[in-house]
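Here the structure comes first, spelled out in structure tokens, and everything after it is commentary.
Derivation of every value follows stated rules applied to the coordinates shown; laboratory data play no part. On a predicted model such as this, the values are computed, not experimentally measured, just so you know. Heads up, the Cβs are rebuilt from the backbone with ideal geometry, glycines too, and the neighbour counts pull from every protein chain shown.
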Amino acid sequence: MRQYDVIIIGSGLGGLVCGYILSKNGYRIGIFEKNDQIGGCLQTFRRRGHSFDTGMHYIGSMEEGQILHRFFRYLNLLDDVKLMKLNEDGFDRISFNGKVFNYAMGYENFIETLSSSFPGERDNISEYINKIKDIAEASPLYNLREINAPTFIETYYIKSSASSFIESITSNDVLRNVLAGTNSLYAGVPNKTPLYIHALINNFYIQSAWRIVGGSDSIANSLAASIKKNGGDIFPESEVVKINTDTTAATAIELSNGETVRGKFFISNIHPQATIEKLHTSMIRRAYRERINSLENTISTFTLYLVFKPGTVEYLNYNYHHHSTDSVWDGQGYSESDWPRSFLYMHQADNAEMSYASTAQVIAYMNYDDVARWEKSASGKRDAGYDEFKKRKGEKLLNELEKVFPGIGQNIEAYYTSTPLTYKDYTSTKEGSTYGILRDCNFPTQTLVSQRTKIPNLYLTGQNINSHGILGVTIGAIITCAEFLGINKIIKEINE
Ligand SMILES: Cc1cc2nc3c(=O)[nH]c(=O)nc-3n(C[C@H](O)[C@H](O)[C@H](O)COP(=O)(O)OP(=O)(O)OC[C@H]3O[C@@H](n4cnc5c(N)ncnc54)[C@H](O)[C@@H]3O)c2cc1C
């Protein structure tokens with residue numbers, strides 16, 4: 001029977017980063033992935049010769065010395081992942097109330113640029129920037145400072161909401177909306193989403209923002225190559241259906257082909273609710289099971305993947321966050337008739353010297369309930385009603401795009417769509433949730449999931465612990481690996 005020091009269930013970013021750190025430190029790693037392609041949200045797909053990202057479009061803090069650059073250097077990713085810097089004077093653009101407002105890179109540039117749209121608000125915008133900078137700098141883990149316990153942020157920032165913080169900054173309603181205008185990056189819910197999530201993500205991109213060139217699968221492939229070089233194994237098409245235990249610990253995983261693989265330690269990179277479904281042991285008490293299962297997940301999305309006719313659409317080196325409601329927080333509360341209330345429009349980068357876009361994506365919030373009636377049928381075998389639904393929603397979203405970018409429709413050669421069911425099929429997140437468990441500042445301890453489980457040798461990693469996104473998940477993986485190596489040893493390794 002095969003045996004590993006550490007078995008990792010799922011090859012999403014969190015699983016791969018754990019695999020990298022632990023294999024580098026001498027552990028024999030086996031990663032088991034249900035899909036034929038590794039990477040989870042880092043997966044790409046090809047249509048008409050173009051590669052499309054599915055869940056990693058732009059990243060931040062990649063200037064030399066900035067936080068993600070330091071992680072990428074440690075993870076040996078710098079040579080393999082190609083990046084293109086977004087427009088420094090407007091990498092994110094917020095379309096609200098008939099006007100467009102620019103988020104610029106660099107703290108001073110951000111203040112200057114936004115103040116030119118809100119001349120009387122300079123002091124408030126400066127206060128906003130100082131505050132999010134303070135929050136990011138206060139966290140030892142987000143600054144790679146040695147610490148005594150893997151705490152990642154002060155309790156106050158977990159207990160207060162992003163929306164009330166923004167309200168405290170200014171009474172200017174338009175500015176409030178602009179400061180909250182990228183809330184789709186964290187599926188923000190007013191009076192629920194904690195301040196630290198808003199602050200860490202915005203600070204991350206304001207420092208510097210970059211498009212991944214040529215596909216986000218380069219991150220997964222590079223990490224996988226390093227893990228293999230360190231002696232680890234990665235098995236695609238290997239779905240874990242059960243985690244076996246004895247009376248005190250986890251002992252093995254069972255795969256869908258019936259094979260059993262033994263391990264000394266286990267890390268689950270899949271959703272905590274999916275993890276406990278695979279455990280049939282009294283070590284997981286009913287109260288823990290109920291608590292995990294009762295956690296609300298962030299909303300899912302509907303995505304349009306566009307292929308443009310060559311040489312017709314000028315490449316936009318920024319992301320366009322469009323809102324058609326009176327409040328940018330209202331995008332999730334749509335009805336059938338007014339969907340979509342907001343969308344995020346992004347061109348993808350095939351190479352670093354593009355002047356025309358070849359592909360783009362338009363992402364809009366969508367509730368799982370809209371597609372739940374097809375959940376029992378398998379991917380690729382859904383009835384004609386599902387195709388009709390996708391077509392109808394795709395055209396609706398295209399119409400909204402056309403209103404903002406008139407004439408865009410005539411330059412589209414083909415388009416493809418994905419729904420919450422697509423994400424459920426390809427990443428197994430609950431109900432296709434975009435970023436996993438919804439953190440709620442009113443229930444901070446209940447909605448923060450620990451990397452430890454009730455089983456002493458089974459840990460969790462991925463976007464459901466710590467936070468989502470490339471930085472949140474990487475730091476989450478470090479928190480998980482700290483259980484094996486100690487947090488300061490890892491921080492020291494990265495700093496060296
Ligand atoms: C639409 C979208 C856009 C995004 N855009 C960005 C962005 O621009 N920038 C950014 O930083 N972040 C972005 N994110 C967030 C980011 O992609 C995720 O937070 C992160 O990649 C999640 O990583 P993870 O480790 O939690 O694993 P996941 O990506 O969830 O992967 C889990 C893996 O486990 C596998 N698995 C599941 N069940 C089993 C099983 N039983 N057996 C074996 N394997 C199994 C899955 O197939 C999958 O490969 C985006 C996410 C989405 C959905």
Give the long-range amide H neighbours of Thr359: residues separated by 5 or more places, or on another chain, with amide H under 5 Å away, using H modelled in the peptide plane at 1.01 Å from N. Phe308, Gln348
Per principal axis, largest first, the Cα atoms of region 21-178 extend in Å by 58, 51, 29
Going Cα to Cα from Lys391, which lysines come in below 17 Å? Please leave out same-chain ones fewer than 8 positions away. Lys381
In whole Hz, with x marking every Gly and Pro, tabulate ³J(HN,Hα) for region 327-336 from phi via Karplus 6.51 cos²θ - 1.76 cosθ + 1.60, θ = phi - 60°. 10, 5, 7, 8, x, 7, x, 5, 10, 3
Convex hull projection area averaged over all views, region 178-255, Cα basis, nm²: 10.1 nm²
Each residue of region 10-19 in order: what ³J(HN,Hα) in whole Hz does its phi give by Karplus 6.51 cos²θ - 1.76 cosθ + 1.60, θ = phi - 60°, with x for Gly and Pro? x, 10, x, 3, x, x, 5, 5, 4, x
Using only helices, what value at 222 nm comes out for the chain when you add -39,500 (n - 2.57) per DSSP H run of length 4 or more and divide by the total residues, to the nearest 500 deg cm²/dmol? -10000 deg cm²/dmol
Given unit charges at Cβ for Lys, Arg (+) and Asp, Glu (-), the dipole magnitude of region 52-144 about its Cα centre in debye, nearest 20, is 180 debye
Candidate lysines - alpha carbon under 19 Å from Lys454, same-chain residues fewer than 8 apart omitted: Lys242, Lys264, Lys278
Roughly how far apart, in whole Å, are the Cα centres of region 98-133 and region 148-207? 15 Å
For region 204-218, in residue order, the Karplus 3J(HN,Hα) values (coefficients 6.51, -1.76, 1.60; θ = phi - 60°; whole Hz; Gly and Pro = x) are 4, 7, 5, 4, 5, 10, 9, 8, 7, 8, x, x, 6, 5, 4
Rounded to the nearest 5, what is the percent of antiparallel bridges among the DSSP beta bridges in the chain? 70 percent
Kirkwood-based shape ratio for region 196-343, expressed as Rg/Rh from alpha carbons: 1.06
Inter-site label distance for Tyr356 and Gln410 at 7 Å from Cα along Cβ, in nm: 1.5 nm
Fraction in percent of alpha-carbon pairs per bin - 10 Å, region 211-286: 15, 39, 30, 13, 3
Could you tell me the center-to-center distance, by alpha carbons, between region 8-46 and region 229-293 in angstrom? 15 Å
Amide H contacts under 5 Å for Gly12, restricted to residues at least 5 apart in sequence or on another chain and with H modeled in the peptide plane, are Gly39
When 1/r is averaged over all different Cα pairs and the result inverted, which Kirkwood radius in Å belongs to the chain? 23.2 Å
Over the alpha-carbon set of region 397-496, divide Rg by the Kirkwood Rh and report the Rg/Rh ratio to two decimals. 1.17
14 Å cut-off, amide nitrogen to a point 7 angstrom out along Glu254 Cα→Cβ, residues in region 262-278: 262, 277-278
